[in-house]
Amino acid sequence: MKRSTLTATAAAVALVASAGYAAARDQVQVAGSSTVLPYAKIVAETFGETFPNFKTPVVESGGSSAGLKEFCKGVGEGTIDIANSSRPIREKEVAACAEAGVKEIQEVRFGYDGIVFATDIAGPDWALTPADVYKALAAKVVVDGKLLDNPYKKWNEVNSALPDWNIVAYIPGEKHGTREVFEEKLLIAGCEELGGPDAAKAAGMDEKAAASACKAVRKDGGAVDIDGDYTETLARIDSNKTGVGVFGLSFYENNADKLKVATVGGITPSVETISKGEYPVSRPLFFYVKKAHIGVIPGLKEYVEFFLDDQMVGPEGPLAEYGLVPAPDAERDAQREAFEGGKTM
């Protein structure tokens, strides 16, 4: 069901509502995921144009973990209102929030994104599997049933169908939500496919150490952590034409004139393949709202409602045009109802 709150009536209500907030911070503050950043900026800028009686929200990056850490520092005008995240909030983060007085958190899942591998536009076609990625980038890999330090130096040593290029991949740093999905959907999946957990246990590792071994990346220059945003990854590939970068789908699509994307498991990443659940490396996108700030920070409630409006997150909205994979109709309705009903974690 299509929902629209972008009306003159809503703007008038916003004007009346804002009158009681003279003593409060008068601008919504958001921080977190670099993947969610461009979507939140589009919403914030459009919100500022649509509701002139509210200031345009301030949206900053820093990564999912950094944003949630700021979010969980406490309640009050000196703390942010919303944390953007490309992964679900962790139990230990919820506990840290509660300890600092942030006891009511509203989770909003607003759509989906895919993680892609891409190379310079002039490079060859690429077809990867999770096993390929694990063999190329893990610190230890399975060789003849044993877990050994990664011996592979070139992509065609991992898979003869891949290019004769030195293995150099620019991957998300550990503070980015993208890193967790990269580890789970690629490194761990590839490790399990090739018998990594059994090889680790045979080497005397306990279950926890075996799981850690599957996702540990090599530190010899083959895998390079990128702590900045995707523009830094793009710059690295521009400097190294045989480098491989990990990007969000939307960033790739907006730079398709510079990059060539790889298939994963035989599936080309696209809005269609992700929305159908065909592309294996995709994830939901979130933001987390500090309920205690609603009714205190002018425009916070209105900003969230505006974000969830179909004119923003629906199939014909600007976020989909930028690259967001919209959630199904029923899911979008459920997210709106949960927020409006004040549901917390």
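The values are calculated or read from the model by the stated rules, or taken from the named source; none is laboratory data. Keep in mind that this is a model prediction, so the values were computed, not measured. Don't worry about glycine lacking a Cβ; one is built from the backbone with ideal geometry, like all the others, and counts go over all protein chains shown. Side chains included, ligands, DNA and RNA excluded: accessible areas come from the protein's heavy atoms. Shrake-Rupley method; radii C 1.70, N 1.55, O 1.52, S 1.80 Å.
D by Stokes-Einstein for region 79-142, Kirkwood Rh over Cα pairs, 37 °C, 0.692 mPa s: 202 µm²/s.
Debye-formula intensities of region 202-251, expressed as log10 I(q)/I(0) at q = 0.14, 0.23, 0.24, 0.32 Å⁻¹, are -0.53, -0.89, -0.93, -1.24 (one equal scatterer per alpha-carbon, no solvent).
Considering only alpha-carbon pairs that sit under 8 angstrom and 6 or more positions apart, the relative contact order computed for the chain is 28 percent.
With N denoting the number of residues in region 99-196, provide Rg(C-alpha) divided by 2.2 N^0.38 Å, to two decimal places. Write down the numbers at each step before the final one.
On the way: Rg = 17.1 Å, N = 98, 2.2 N^0.38 = 12.6 Å.
Dividing the Cα radius of gyration by 2.2 N^0.38 Å gives 1.36.
Pairs from the table (K185/K260; K73/K343; K73/K276) lying more than 31 angstrom apart at Cα are K73/K276. Taken along the Cα-to-beta-carbon direction at a fixed 7 Å, the label points for T231 and E49 span 2.0 nm.
Comparing region 184-309 with the 2.2 N^0.38 Å rule of thumb, its C-alpha radius of gyration ratio is 1.43 (two decimals).
Considering only F306, F182, P328, whose Cα is most displaced toward the positive end of the charge dipole of the chain, charges sitting on Cβ of Lys, Arg (+1) and Asp, Glu (-1)? Value: F182. FRET efficiency for the D149 to E60 pair, using the beta carbon distance and R₀ = 30 Å, is estimated at 0.15. Cross-link pairs exceeding 31 Å in C-alpha to C-alpha distance, out of K258/K291; K140/K175; K69/K135; K146/K219, comprise K258/K291; K69/K135. Within the same chain, aspartates and glutamates fewer than 8 places from K201 are excluded, and of the rest, those with a Cα less than 16 Å from its Cα are D144, D149, E192, E193. Apply the a/c threshold of 1.5 to the C-alpha gyration tensor of region 144-213 and tell me whether it is rounded, prolate or oblate. Verdict is oblate for region 144-213. Our note on the geometry: Cα centres of region 278-330 and region 35-50, 10 Å apart.
Per residue, the accessible area of the chain comes to 43 Å², computed with a 1.4 Å probe over protein heavy atoms only. Spin-label model, D164 to D333: label points 7 Å out along the Cα-to-beta-carbon direction sit 5.9 nm apart. To put it simply, the accessible area of region 142-299 at a 1.4 Å probe is 48 percent carbon and sulfur. Listed by chain and number, the aspartates and glutamates placed with their C-alpha closer than 18 angstrom to that of K92 are E70, E104, E107, E174, E180; residues fewer than eight positions away on the same chain are left out. Per residue, the convex hull spanned by the Cα atoms of the chain measures out at 135 cubic angstrom. Put a dot 7 Å past the Cα of K241, heading toward its Cβ, do the same for N255, and the two dots end up 1.8 nm apart.
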